[in-house]
1. What dipole magnitude, in Debye to the nearest 20, does the chain give about its Cα centre under +1 on Lys/Arg Cβ and -1 on Asp/Glu Cβ?
2. Can you give the FRET efficiency for Glu149 and Asn368, using 1/(1 + (r/R0)^6), R0 = 41 Å, r = Cβ-Cβ distance, to the nearest 0.05?
3. Compute the separation of the alpha-carbon centres of the range 1-19 and the range 65-83 and state it in Å as a whole number.
4. Which value in nm describes the separation of the simple spin-label points at Ser240 and Ser392, placed 7 Å from the Cα toward the beta carbon?
5. State which helices in the chain qualify, where a helix is a whole DSSP H run, it must extend 30 Å or more along its own axis by its Cα atoms, and its mean Kyte-Doolittle hydropathy must be at least -0.5.
6. To the nearest Å, what is the center-to-center distance of the range 278-336 and the range 122-148, using C-alpha atoms only?
7. Roughly how many whole Å is it from the C-alpha centroid of the range 25-41 to that of the range 380-408?
8. Rounded if a/c is under 1.5, else prolate if a/b is larger than b/c, else oblate: which is the range 1-136, with a ≥ b ≥ c the root eigenvalues of its Cα gyration tensor?
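The values are calculated or read from the model by the stated rules, or taken from the named source; none is laboratory data. Owing to the predicted nature of the structure, the values given are computational and were not obtained by experimental measurement. Please note: Cβ atoms are built from the backbone with ideal geometry, for glycine as well, and neighbour counts cover all protein chains shown. With ligands, DNA and RNA removed, areas are computed over all heavy atoms of the protein, side chains included. Shrake-Rupley method; radii C 1.70, N 1.55, O 1.52, S 1.80 Å.
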Amino acid sequence: MEFKIKNICCIGAGYVGGPSMAVIAKNCPDLEVNVVDINRERINKWNSENFDELPIYEPGLKEIIKRCRGLNLHFSTEVKKNIANADLIFISVNTPTKTKGVGAGQASDLKYVDSSAREIAKYAKGKTIVVEKSTLPVRTAQTIKNILEQSNIDNRDTKGNQREFFVLSNPEFLAEGTAINDLENPDRILIGGEDQEAIQGLANIYENWISERKIITTNLWSSELSKLIANAFLAQRISSINSISALCESTGADISEVKLAIGSDKRIGNKFLNSGPGFGGSCFKKDISNLIYIANHYGLYEVSEYWQNVISINAWQTNRISKIVVEKLFNTISFKKISILGFAFKANTNDTRESPAIKICKDLLEENCKLAIYDPQVSPLQIEYDLQLKQSDNLSNNDQAEWTFADTVIDASINSDAILVITEWEEFKFINWEIVYKHMRKPAWIFDTRSIVDINKVKMSGINFWQIGKGKI
Ligand code: UDX
Ligand code: UDX
């Protein structure tokens with residue numbers, strides 16, 4: 001049976017659901033796209049008159065929302081109605097790492113996927129394609145199928161019509177900060193499933209703007225596992241280069257030269273080789289932890305240990321940053337002011353989940369220093385939440401840990417002893433260090449964890465300089 005898909009619903013209006021559905025709506029004007037979420041505040045933000053108040057900052061997103069919202073793209077909390085009307089439903093809810101119970105600290109918490117499947121089982125009508133968009137442990141599709149098939153014994157909807165469900169896996173590979181471009185021009189679209197017509201129904205949607213050649217179809221389990229493994233491989237490259245950044249600092253080698261030399265080998269490639277303060281974001285740690293849990297479950301202890309090391313190196317890299325800062329500032333930073341440039345886990349997003357900035361700032365605050373934090377997109381409220389510490393209106397002269405939000409780089413630098421660059425925002429590449437230096441207390445330091453500060457310009461200004469992976473400066 002050929003699927004005629006006219007109405008789609010996405011459960012979860014987050015970093016994945018929101019941008020993905022916006023791009024589908026833009027490229028498929030004949031489709032009705034309804035994004036639903038249980039979080040009313042988030043939905044209100046998606047519907048806000050002022051497009052600068054959308055809940056997610058992503059370059060290019062605002063423009064698409066302006067164009068499609070109210071036409072064929074709708075955001076609402078009406079889960080029941082939109083499930084009932086949908087021919088195809090994406091499940092795009094969050095799947096955090098479990099904090100307690102079996103698998104705590106490693107396994108993914110599937111409570112939201114479970115409850116979404118139950119809502120679909122209750123309200124869906126006729127034939128419905130159910131698509132896993134969230135990253136899920138391999139074989140979750142089986143759980144979803146069981147819930148869908150067993151919740152309603154005679155499999156009839158409220159009007160007595162026969163119902164049928166087709167479960168597909170269609171993981172999303174977008175990276176935050178480049179989400180719109182990744183969605184418009186993906187390297188591949190991965191669809192896992194058993195029913196060929198259902199797979200084709202979903203593929204037809206993507207073929208509105210993506211070449212058929214890029215659509216890979218697999219069985220359900222390969223698709224689910226591939227998403228976890230893609231993230232694990234990307235994270236593993238970062239841990240590899242970060243481990244070498246420390247070796248460069250000790251030996252006098254230069255990580256950017258090493259990167260160029262090894263990245264020129266086509267077999268290695270030059271992407272994803274930037275050393276930094278450790279990877280953050282909602283996916284890498286969660287997905288590797290999940291991989292570790294699965295490997296342990298199947299008794300593959302050496303496999304789990306291998307991937308555990310990728311996480312351990314990442315934590316070690318983040319931890320060593322604050323230690324270097326303290327050591328360079330004569331082993332004490334109490335009464336000192338440190339400016340933090342960038343709090344998001346990467347540039348071009350307002351997302352702070354697992355951001356290395358959180359751990360680094362907490363470590364510095366443990367030493368009773370004062371922080372002035374500047375980020376062009378992260379709100380002071382979010383930082384308060386992440387640091388579990390209210391911001392101070394003014395930094396005092398007392399020997400206590402405090403932080404304040406700075407509106408500009410210059411504001412942050414006034415009377416500060418050190419500047420720590422944590423996120424690679426474009427504007428940090430163009431800072432006039434001579435002006436900044438004038439505002440700082442001397443001796444002044446810059447710590448660049450992203451290799452984006454121009455060494456020559458800093459040297460001319462007279463500031464002391466440390467850069468990740470630079471053995472000699
Ligand atoms: C995504 C993926 O879906 C996840 O699997 C991946 O590993 C990380 O990225 P993301 O979009 O980033 O999640 O999560 P988030 O921004 O937290 O959005 C999820 C949304 O789902 C939230 O707005 C939440 O309110 C909503 N939700 C959650 C529901 O609408 N219903 C629920 O039952 C649970
Ligand atoms: C990642 C995957 O890239 C994406 O395919 C998947 O769908 C979700 O997880 P995301 O976490 O949004 O995307 O961003 P990504 O660009 O992968 O960066 C993750 C972290 O690694 C960031 O903290 C980033 O700063 C860091 N990173 C990335 C490096 O430290 N060095 C690099 O060379 C690349």
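1. Once rounded to the nearest 20, the dipole reads 260 debye.
2. 0.10
3. Result: 10 Å between the Cα centres.
4. Each label point lies 7 Å from its Cα, and together they span 4.5 nm.
5. Span-like helices in the chain: 220-251, 301-328.
6. Between the Cα centre of the range 278-336 and that of the range 122-148, the gap is 33 Å.
7. Taking the Cα centre of each part, the range 25-41 and the range 380-408 sit 37 Å apart.
8. oblate
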